[in-house]
Amino acid sequence: MRIIIVGGVAGGMSAAARARRLDESAEIIVLERGDHVSFANCGLPYYVGGEITDESKLLVQTPESLRAALNLDVRVRHEVVAVDTDAREVTVRTDDDDETLPYDALILSPGGRARHPQIEGVDSPRLHTLRTVHDALALRDLVTSGARRAVVLGGGFIGIEAAENLAGAGLETTLVQAASHVLTPLEPELAVLVRDELEFIGVDVRECTTAVSIQTGVDHDVVSLSDDTEVTADLIVLSAGVRPDTEAFERSGIACEHGAILVDAAGRTSAPSVWAVGDATASLDAVTGVRRPVALAGPANRAGRLVADSILRDGEPHPLPRPVGTAVLRIGGLTAAFTGANADALHDAEIGFETVHLHPLQHAGYFPGAHAMHVIVHFRRPDGLVLGAQIIGADGVDRRIDVFATAIRAQMRMADLIDLDLAYAPPFGQAKDAVNLAGMVGENVLNGQQRLWHATDLDAVMRESLVVDTRSPQEFADGHLPGSINVPHASVRERLTDIELAAGDRPVRTLCAAGVRSHIATRVLLQHGFDAAMLSGGMQTLRASLRAEGREGLISTPGSVSALPPRNSYRKEPSHDQ
């Protein structure tokens with residue numbers, strides 16, 4: 001059997017390696033358009049910034065090592081430009097000529113191409129994408145040869161990683177993001193914390209802004225922005241998204257949707273004996289059921305392995321798992337991670353859901369270095385099925401997001417999270433882990449023991465309700481909502497009459513710093529007949545949400561307002577609510 005694989009890196013090379021392990025006699029040819037078939041594309045930004053210093057570390061395998069270890073025929077600088085699905089042949093363009101190769105099975109793993117904005121100057125020699133080893137080498141050469149100013153176009157994964165590393169290398173770095181906030185899968189109240197951290201490490205973040213033109217000069221370029229400013233650049237990183245690299249296959253009659261190759265549960269395309277994996281395929285989202293490309297290495301690797309099984313193993317093939325979309329990212333001293341669906345995706349899919357915000361500690365509060373993680377969990381009403389989670393913090397984020405990802409894959413409910421037996425020791429966690437706590441809060445909401453209001457409800461709450469701030473008098477004096485009254489949580493029982501008189505016929509809405517004290521107060525109020533609800537996530541979430549909207553001045557405060565305590569507090573003892 002001759003198996004031809006178009007494209008290497010994650011999906012293609014996983015398929016090739018698995019195919020060889022299953023069939024020693026198969027002829028396996030890998031056709032790669034570029035110069036490198038197996039490289040650490042996720043490590044490229046860290047090489048540009050100098051954190052990875054050895055270029056050879058980026059090359060996971062070479063054609064020679066793959067032939068020696070797996071007897072694979074790997075051909076670089078071989079671009080597939082057409083497929084004849086009836087004759088089962090591919091047309092391959094090389095530096096010398098075009099050739100035709102027959103196949104018994106064809107696996108497409110072409111990946112994606114960077115999107116280039118249609119603006120003047122986009123062909124500047126100082127502008128580079130960051131998708132290949134050559135890109136990384138070119139950018140690193142600019143950094144080491146004296147570049148002082150960088151502009152990054154795009155605030156997604158690669159854009160943020162590039163900005164972080166360029167700023168870390170000492171360059172004045174400007175990050176230009178067309179959307180309303182960086183890292184768009186994050187909820188705005190968490191994305192603002194990413195922006196804060198980028199600015200803390202020296203990145204000038206321009207949100208709701210695009211590049212209008214690039215003027216190429218002798219010594220530097222000038223990038224004109226839609227906010228009527230100009231930024232000088234010695235290098236420019238283009239990270240404005242990718243599109244599936246599928247034109248040749250779509251022309252050959254292989255079914256695509258919005259440029260992404262359509263596959264069935266086994267990875268088969270519309271053409272006989274043709275499979276597809278990776279960034280260029282349209283996957284069914286595990287939570288929403290929406291069909292979309294998922295440009296992540298993990299799903300591509302798993303799909304490559306399963307497609308090889310589908311081709312070479314007898315019996316019903318194991319279906320490709322629907323991607324959950326789990327991702328993690330370092331930004332300076334913070335980690336941001338998410339899995340499953342965000343609120344926008346759930347609204348678009350018309351899935352009814354609830355959301356809880358928490359700020360639990362990453363380890364025991366009495367152990368040095370305790371700090372809050374900022375957690376959002378979405379779950380389905382009425383059954384509590386976990387739909388998505390997002391976390392930001394300085395430590396412990398990756399561990400918890402993997403638990404949430406596992407919960408989504410296992411179709412667990414919020415009540416199930418309470419029962420998870422997670423590792424605990426004071427330096428690593430709490431006896432009630434953040435995941436357990438999320439389950440407890442979610443279960444309280446589902447069974448009616450707790451009612452929530454959210455930062456998005458603020459205007460209506462201030463207009464229609466009595467807001468009772470259950471923090472200490474000093475915290476209240478340091479910043480509070482106009483019109484709110486201060487009743488510390490331990491005083492609620494003795495001041496029920498005062499609250500009733502102040503509320504009149506209005507409902508009561510409570511808040512505190514992070515949601516612990518207001519939970520206690522709200523339980524008291526509910527059991528005394530009040531129409532009461534607590535602010536999900538407390539003032540920490542509210543301040544972040546208002547900053548995301550540019551409304552931080554709404555909170556009456558004698559000093560400056562920030563989404564979080566001072567930056568260094570990530571490594572200090574927690575607030576009272578923790």
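For the range 254-292, filtered to residues that are of a type in the set (S, T, N, Q) and closer than 17 Å to Arg243 by Cβ, the residue that is surrounded by the fewest Cβ atoms within 10 Å (Cβ to Cβ) is Ser283. Whether a residue is within 24 Å of Thr216 (Cα to Cα), among the basic types (Lys, Arg) and touching a residue at least 12 places away in the same chain (Cβ under 8 Å) was assessed, and Arg195 does not pass this test. Collect the residues in the range 481-495 that are surrounded by fewer than 16 Cβ atoms within 10 Å (Cβ to Cβ) and over 40 Å from the mean Cα position of the chain (by Cα), keeping them in residue-number order. Ser491, Arg493, Glu494, Arg495, listed by residue number. Within the range 135-162, the set of residues being out of contact with any helix residue (DSSP H, G or I) (no Cβ under 8 Å at 6 or more places or on another chain), of a type in the set (Gly, Ala, Ser), touching a residue at least 40 places away in the same chain (Cβ under 8 Å) and over 25 Å from Ser180 (Cβ atoms) comprises Gly146, Ala147. Scanning the range 522-558 for residues that are surrounded by 19 or more Cβ atoms within 10 Å (Cβ to Cβ) and of a type in the set (Gly, Ala, Ser), we see that the one that is farthest from Glu494 (Cα to Cα) is Ala548.
Looking at Glu464, is it out of contact with any helix residue (DSSP H, G or I) (no Cβ under 9 Å at 6 or more places or on another chain) and either surrounded by 17 or more Cβ atoms within 10 Å (Cβ to Cβ) or modelled with pLDDT of 95 or more (or both)? So Glu464 passes the test.
Conditions tested, residue by residue: (1) assigned to a loop (DSSP other than H, G, I, E, B); (2) over 29 Å from the mean Cα position of the chain (by Cα).
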{"site": "Glu199", "(1), (2)": "no, no"}
{"site": "Thr209", "(1), (2)": "yes, no"}
{"site": "Val218", "(1), (2)": "yes, yes"}
{"site": "Ser224", "(1), (2)": "no, no"}
{"site": "Val231", "(1), (2)": "no, no"}
{"site": "Val237", "(1), (2)": "no, no"}
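Of the residues Arg523, Arg495, Arg551, the single one that is outside the structural domain of Cys208 (by TED's automatic domain parsing), under 20 Å from Val356 (Cβ atoms) and of a type in the set (Lys, Arg) is Arg523.
Can you find, within the range 212-244, the residue that is nearest to Ala179 (Cα to Cα) among those that are buried (at least 20 other Cβ atoms within 10 Å of the Cβ) and touching a Gly at 6+ places or on another chain (Cβ under 9 Å)? Only one residue fits best here, namely Ala240.
Restricting attention to the range 394-417, the residues that are on the phi > 0 side of the Ramachandran plot and surrounded by 22 or more Cβ atoms within 10 Å (Cβ to Cβ) add up to 0. For Ala349, state whether it is crowded, with 20+ Cβ neighbours inside 10 Å, modelled with pLDDT of 95 or more and not assigned by TED's automatic domain parsing to the domain that holds Ser25. Here the answer is no, as Ala349 does not meet what is asked.
Restricting attention to the range 60-91, the residues being within 19 Å of Trp275 (Cβ to Cβ) and of a type in the set (Gly, Ala, Ser) number 2.
For Ala415, are the conditions met, namely being farther than 27 Å from Ser545 by Cα, touching a residue at least 24 places away in the same chain (Cβ under 8 Å) and not acidic (Asp, Glu)? So Ala415 passes the test.
From the list Ala303, Ala337, Ala308, Ala295, the one residue that fits, being in a loop (DSSP other than H, G, I, E, B), crowded, with 17+ Cβ neighbours inside 10 Å, outside the structural domain of Ile201 (by TED's automatic domain parsing) and on the phi < 0 side of the Ramachandran plot, is Ala295.
When residues of the range 244-266 are filtered for being touching a residue at least 40 places away in the same chain (Cβ under 8 Å) and either β-branched (Val, Ile, Thr) or in contact with a helix residue (DSSP H, G or I) (Cβ under 9 Å, 6 or more places away or on another chain) (or both), how many remain? Total meeting the criteria: 8. Taking each residue of the range 283-296 that is in contact (Cβ under 8 Å) with a residue 40 or more places away in the chain and looking for partners that are in a loop (DSSP other than H, G, I, E, B) with beta-carbon atoms closer than 6 Å, six or more apart or interchain, yields Ser283/Val294; Ser283/Pro323; Ala286/Arg322; Ala286/Val324; Val287/Ala341; Thr288/Ala341; Thr288/Ala349. Residues in the range 311-321 that are in a loop (DSSP other than H, G, I, E, B) and in contact with a helix residue (DSSP H, G or I) (Cβ under 9 Å, 6 or more places away or on another chain): Arg313, Pro317, His318, Pro319, Leu320, Pro321.
When Leu198, Leu171, Leu175, Leu183 are checked against the criterion of being crowded, with 19+ Cβ neighbours inside 10 Å, modelled with pLDDT of 95 or more, hydrophobic (A, V, I, L, M, F, W, C) and within 21 Å of Ala343 (Cβ to Cβ), Leu183 stands alone in meeting it.
The values are calculated or read from the model by the stated rules, or taken from the named source; none is laboratory data. Worth saying up front: this structure is predicted, and the values here are computed from it rather than measured. Quick reminder, even Gly has a Cβ in these numbers, built from the backbone with ideal geometry, and neighbours come from all protein chains shown.
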